[in-house]
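Only one structure is covered here, and it is reproduced in the block below.
The values are calculated or read from the model by the stated rules, or taken from the named source; none is laboratory data. Because the structure is a prediction, the values reported are computed rather than measured. Neighbour counts are summed over all protein chains in view; Cβ atoms, including those assigned to glycine, are modelled from backbone coordinates with ideal geometry.
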Amino acid sequence: MRDTNFKTPPKGSRVNVVANKITYDAQTKIATAIGKVVLVYGKYELVATRVSYDQRNDKMTAIGEVRLREPGGNILEAERASLMNKFKDGFAEHLRLLLTNDAVITADYAVRQDGYLTVYDNVVYNACGNCLTSSGKPLWQLRSRQVTHNEKEGVLYHKDATFEFGGADIITLPSFSHADPTVKRRTGFLSPKFSYASVYGVGVEVPYFWNLSPSYDLTFSPVITSEQGLLGKAEWRHRLASGEYNVDVAGIYQLTMGSDAAGDSRFRGSARSQGRFEINDNWSWGWDGTLVTDKDFMDKYKIDSRDEAIDKVYITGLNDRNYFSAQALHFQSLDPDDDDSTFPTALPYIQHSYTLDQPVLGGEFGYDWNLYSIRRNDAVFANDPDLPLTNVNLGTDQTRGIANLRWQRQIINSMGQVITPFANLRGDLYVTENLPDDNNLTEENDTTTRFQPTVGLDMRWPFLSNTEGGQHILTPVTQFIASTDEKDEDKIGNEDSINLNFDTTNLFLHDRFSGLDRYEGGTRINAGLLYTFLSENGGFIRASLGESFHVAGENSFTDGSGLEDTSSDLVAAVAIQPWDSLRFSYQVRMEEDLSDINAQEAGLSLNFDRFSASLFYANVDADPNSGRPESEEQVWGSAGWNFSGGWSVYAGARYDMDSSKLIRDTVGIGFNCDCFNFRLFYEEDRADEDEKIDRSVQFSIDLKSLGNNIGSLPNQ
């Protein structure tokens, strides 16, 4: 039961009165305050032009511009009000009640009983302060013959309630109830949603929320579809003392099947659960798991748009400079064109990093180790026509252990130069099974060990200049790095270092591979120039330019990476933000002689008052060795305009310039004000190779203060 004791002032609370004139009649025992009267009793504050108190009957009467602020924050305005029994009982005439959620109750008469039950007659309820029609009426309102407010339950009960929208009667209900502002989570129906998709036709979703306890709840969201019947959806949420978890399920028994969208099975469904729990201040554990009957169910029914699901159970520890993570991972594709037999399971996958808090040889010393054991059903052969890789062989089983010692020391000399010597010492152990060779034959097993020392020097010399417009920082950077050559890369499966995108973000990394199965060997020099301008108004310009030179030893990179030659491609980037509402960025990778651009990306974002927009462009050459068999050139963007009066429009699209194909487009319209929100979106998706268009429409309405009282689960 809800606690309402705060409504009654504590025993012995004094009544403080400020007024222009106060009189007391000893015979009738009536005290009267006249003028601008301000009365404070506990957490109640009463303002009126005349207040009288009948001591014999314990009755207080306020007249003239009465304004009563209650302990919970609600404000009562009335022409006349009477309060009795220490404010537990009373009545008011021609009143307005301003609730803490900005909703307003207007009534002819109200009676309060027992300190928690108030009955209003001839009531108008609305939450529209500024959202009005052309005639000046609220956009929507409820007119009820009677409203009962039960503060113990936190519910407003309406009798003979008529819902008005835009000044017109929409529907009349004999009874209707909704939560008051003190309720954050309440059992009941939520705002409906409307949608359309190619697979199921028109869909109407009517969510129902069960507030089963303060620590757990259930939301059941059935979707009635025109072509496939009833789609059931439900979400269970549970918060415990140390964390929380949820379970999302969906399922349907289709009326039709056999089409590309509907699939070959009548029953289709999915389930996903996520959880995270704190063991103590340093340790936590959790999970994320997904089950599906078929790969494209969640996408077709607009439940989840992921292309890949990573199921995992994990434990993580973090304490100052000490980090540990252990996971069990299972990768599954949600793309019908992918072969699940080549997707691996990793059990375990462990990472640990520790940095000593005491200096060693004047610098920072630490160690890292990494362990995984991967298994898949089928080996992956290079040049498999069904896979986008041309130079990668993966076995059915691989266990890897890596240990690395690292040291670095930062030195700043008298000229302001920042000199950082560093060193790494790494050792690897691999055990592989059924790893294909160059002849597409698989070996039973192989054990491989590798050892790599690395030493290097990072030198930076920042030059600062202050001008009238702001501060300029110009920093030349030079790195010298020497490692032993990468060995035996053909004897192991490259599980985590396939993707490579050489640009300014990894120009100065000691190892530019994305994972640990490959490492960069040989001797190289990285050189570049960094520039930053910080404007006095908060704007900035950041620019960088650089190149890498492989001067000795074996080069670990292949054609198409931009790092395969003695001199790498030039990489450059610039980001310009003259003020918060405008930002432009561009990065490029080009041939050293500037004869050709191999990769470039550009982006522009605007946000000016009512208008916002973004536009992006990317053009990247093919790199089959990194899983990009063909060049890619795409442009995408979005734009929105907020009209006066709460209306807004939105549009977005993605276009493939290589295939002259519109991949995805969407357009939407919305209205938002202080009491009402509605959105309508239409989307077309042409990402499937069969060129079929997947169309969908989504429509939602939210009457603020009347629904969607879900909220987050409170901490236990």
Which one of Phe176, Phe209 is surrounded by 15 or more Cβ atoms within 10 Å (Cβ to Cβ), more than 23 Å from the chain's Cα centre (by Cα), closer than 30 Å to Gly73 by Cβ and aromatic (Phe, Trp, Tyr)? Phe176
Working carefully through the options Glu151, Glu227, find the one that is acidic (Asp, Glu), at pLDDT 90 or above and touching a strand residue (DSSP E or B) at 6+ places or on another chain (Cβ under 9 Å). Glu227
Name the residue, out of Arg376, Arg321, that is touching a strand residue (DSSP E or B) at 6+ places or on another chain (Cβ under 9 Å) and either of a type outside the set (Lys, Arg) or crowded, with 16+ Cβ neighbours inside 10 Å (or both). Arg376
For the condition assigned to a loop (DSSP other than H, G, I, E, B), closer than 30 Å to Trp407 by Cβ and of a type outside the set (Val, Ile, Thr), what is the one hit in Arg426, Arg450, Arg518, Arg524? Arg518
Given the criterion modelled with pLDDT of 95 or more and of a type outside the set (Phe, Trp, Tyr), identify the matching residue among Thr467, Thr454. Thr454
Just to be sure before I move on: is Leu509 surrounded by fewer than 14 Cβ atoms within 10 Å (Cβ to Cβ) and either over 37 Å from the mean Cα position of the chain (by Cα) or of a type in the set (A, V, I, L, M) (or both) in the structure I sent? yes
Which one is surrounded by the fewest Cβ atoms within 10 Å (Cβ to Cβ), of the residues in region 477-494 that are within 15 Å of Phe508 (Cα to Cα) and of a type in the set (Val, Ile, Thr)? Thr478
Where residues in region 118-145 are more than 20 Å from Lys704 (Cα to Cα) and surrounded by fewer than 16 Cβ atoms within 10 Å (Cβ to Cβ), which of them is nearest to the chain's Cα centre (by Cα)? Ser134
Check off (1) assigned by TED's automatic domain parsing to the domain that holds Ser497; (2) modelled with pLDDT under 95; (3) not aliphatic (A, V, I, L, M) for His352 and give me the number that stays unchecked. (2)
Quick check on region 571-594. Is at least one of its residues among the aliphatic types (A, V, I, L, M), outside the structural domain of Asp490 (by TED's automatic domain parsing), closer than 30 Å to Lys300 by Cβ and surrounded by fewer than 16 Cβ atoms within 10 Å (Cβ to Cβ)? no
Subset tally (residues that are exposed (fewer than 14 other Cβ atoms within 10 Å of the Cβ) and either modelled with pLDDT of 90 or more or touching a helix residue (DSSP H, G or I) at 6+ places or on another chain (Cβ under 8 Å) (or both)) for region 248-268: 1
Can you give me the number of residues within region 621-648 that are among the hydrophobic types (A, V, I, L, M, F, W, C) and within 30 Å of Gly136 (Cβ to Cβ)? 3
Given the residues Ala382, Ala346, which is the only one that is buried (at least 16 other Cβ atoms within 10 Å of the Cβ) and part of a loop (DSSP other than H, G, I, E, B)? Ala382
Determine whether region 371-378 contains at least one residue that is within 25 Å of Arg628 (Cβ to Cβ) and basic (Lys, Arg). yes
Criterion violated by Gly538 - all others in (1) closer than 30 Å to Asn642 by Cβ; (2) outside the structural domain of Gln471 (by TED's automatic domain parsing); (3) in a loop (DSSP other than H, G, I, E, B) satisfied: (2)
Inspect region 680-698 for any residue being without any contact (Cβ under 8 Å) to a residue 40 or more places away in the chain, assigned to a strand (DSSP E or B) and over 25 Å from Asp299 (Cα atoms) and give the result as yes or no. no
Residue by residue through region 63-74, note down the ones that are free of Cβ contacts under 8 Å to residues at least 24 places away in the same chain and buried (at least 16 other Cβ atoms within 10 Å of the Cβ). Ile63, Arg67
Residues of region 81-97 being surrounded by fewer than 21 Cβ atoms within 10 Å (Cβ to Cβ), in contact with a Gly (Cβ under 8 Å, 6 or more places away or on another chain) and assigned to a strand (DSSP E or B), in sequence order, are Ser82, Met84, Asp89
For the subset of region 470-488 comprising residues that are farther than 21 Å from Ile525 by Cα and under 40 Å from the mean Cα position of the chain (by Cα), which member is modelled with the lowest pLDDT? Gly470
If you go through region 54-78 one residue at a time, how many are part of a strand (DSSP E or B) and out of contact with any Ser or Thr (no Cβ under 8 Å at 6 or more places or on another chain)? 8
